[in-house]
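Q: Let me begin by handing over the structure; questions about it come next.
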């Protein structure tokens, strides 16, 4: 009789393993999404539990975490202590990465163009409008820069990438710091 009881408990406990699996739901930063997907796979392999992460942007992750519709949010832009307290959230770093500008200039290959922080600021402030601007040519004397308009692009949604990029611009460009500032969403000129 004792062996039957032990087997019954073992079978019952084994059947609960699948029933007790749970899912952690998170959302936010698109930058961290590839790493989150990989971490989720390893977590499932190690525990049998799931992580469902949706890359909806840092702003969306902060909003959903504040509303408590997800278990955790991810943002490239850290919240200030007062914001954390107000929202009832905690935060910690989980990854580090960089933001780079891309360009598409006829006749100029990858990794050939060099821009200073001031030049990047002047492009986004609308002061430098063409690739053959004297300021850019001075930094790139060996390039044959065409007279074509520069089309600055940026994210339209609340984005940690925007926070990182505009934070940089405030540090290299006093005019940007004074007129625009930095945040996950800014009034682009």
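Q: Rank these for me by crowding, 103, 168, going from fewest to most other beta carbons within 10 Å.
A: By the 10 Å Cβ count, ascending, the order reads 103, 168.
Q: Return the Rg/Rh ratio of the stretch 67-155 with Cα-based radii and a Kirkwood Rh.
A: 1.18
Q: Average the reciprocal distances over every distinct pair of alpha-carbons in the stretch 126-189, invert the result, and give the Kirkwood radius in Å.
A: 13.2
Q: Still on this model: Relative contact order (percent) for the chain, with alpha-carbon contacts under 8 angstrom and 6 or more residues of separation?
A: 19 percent.
Q: What list of whole percents do you get for P(r) of the chain, with Cα-Cα distances grouped in 5 Å bins up to the one holding the largest distance?
A: Going out from 0 Å in 5 Å bins, the chain shows 1, 7, 12, 14, 12, 11, 10, 8, 7, 6, 4, 2, 2, 2, 1, 1, 1, 0, 0 percent.
Q: Between residue 68 and residue 96, what FRET efficiency follows from the Cβ-Cβ distance if R0 is 35 Å, with the result rounded to 0.05?
A: On the way: r = 28 Å, r/R0 = 0.79.
Once rounded, the FRET efficiency stands at 0.80.
Q: Moving on. Sorted from fewest to most neighbouring beta carbons within 10 Å, what does the list 50, 178 look like?
A: Lowest count first: 178, 50.
Q: Give me 176, 39 sorted ascending by neighbouring Cβ count inside 10 Å, so fewest comes first. If you can, show how the numbers build up before the last one.
A: Working: 176 24, 39 15.
Taking fewest neighbouring Cβ atoms as first place, the list is 39, 176.
Q: If you stretched the chain out fully between residue 110 and residue 23, how much longer would it get, using 0.36 nm times the residue separation minus the C-alpha to C-alpha distance?
A: The residue 110-residue 23 span can extend by a further 27.1 nm.
Q: Using DSSP, restrict attention to beta bridges with both residues in the chain and report what percent are antiparallel, rounded to the nearest 5.
A: 10
Q: OK, next. What ranking do 142-148, 30-36 get when scored by the average of other Cβ atoms within 10 Å per residue, highest first?
A: 30-36, 142-148
Q: Tilt of helix 33-47 relative to the longest C-alpha principal axis of the chain, in degrees (0 to 90, nearest 10)?
A: Approximately 10 degrees, to the nearest ten.
Readers should treat all values here as calculations from the given coordinates under stated rules, not as data from a laboratory. Small disclaimer: the values here were computed from a predicted structure and weren't measured. Neighbour counts run over all protein chains shown; Cβ positions are idealised from the backbone, glycine included.
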